[in-house]
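So the structure is just underneath, and the comments pick up after that.
Just so you know, all these numbers are worked out from the coordinates, no wet-lab data involved. Quick caveat: nothing in here was measured; it's all calculated off a predicted structure. Note that each Cβ is placed from the backbone with ideal geometry, even for glycine, and that neighbours are counted across all protein chains shown.
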Amino acid sequence: MAHLPLTGVPYLIRKTVSSPGTAEQLASVTLGDGFPATFKNRLSNTGNVYLAKTAAAAQSSSGVRRVLEPGESVEWAIQNLNQIYVDADDSTSVLEISYTLTT
């Protein structure tokens, strides 16, 4: 039996990059029209995590991307998590993504 996601309930996803230097697109999760998701590079991580709207930008130091050092976080209002690509300095760094479904 399939379960439908609950609205109004906070969710937390933990994401690692399997091959540093090759950005990965986040899975499709519809958040609603511009509702916020928080992206946090865990304080226990030793490397940076890179977020961008394209794979090329996430994995390039010359691209338009957001660099999260260990312990840093950013909140973005987006419609779907799949609008974000993630890269990291190493394969052990964990990016935490928290959000609340509204639709």
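Structure data summary
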| read-out | value |
| --- | --- |
| Peptides ranked, highest mean first, by Cβ atoms within 10 Å: ranges 47-57, 70-80, 29-39 | 47-57, 29-39, 70-80 |
| The chain, relative contact order in percent, only Cα pairs under 8 angstrom and at least six apart counted | 48 percent |
| Within the chain, helix-based [θ] at 222 nm, where runs of 4 or more DSSP H residues each add -39,500 (n - 2.57), nearest 500 | -500 deg cm²/dmol |
| Cα gyration tensor category, rounded, prolate or oblate, for the chain with a/c compared to 1.5 | prolate |
| Inter-label distance, nm, simple model (7 Å from Cα along the C-beta direction), Glu69/Asn82 | 3.5 nm |
| Label-point gap, in nm, between Asp33 and Thr92 - each point 7 angstrom along Cα→Cβ | 4.6 nm |
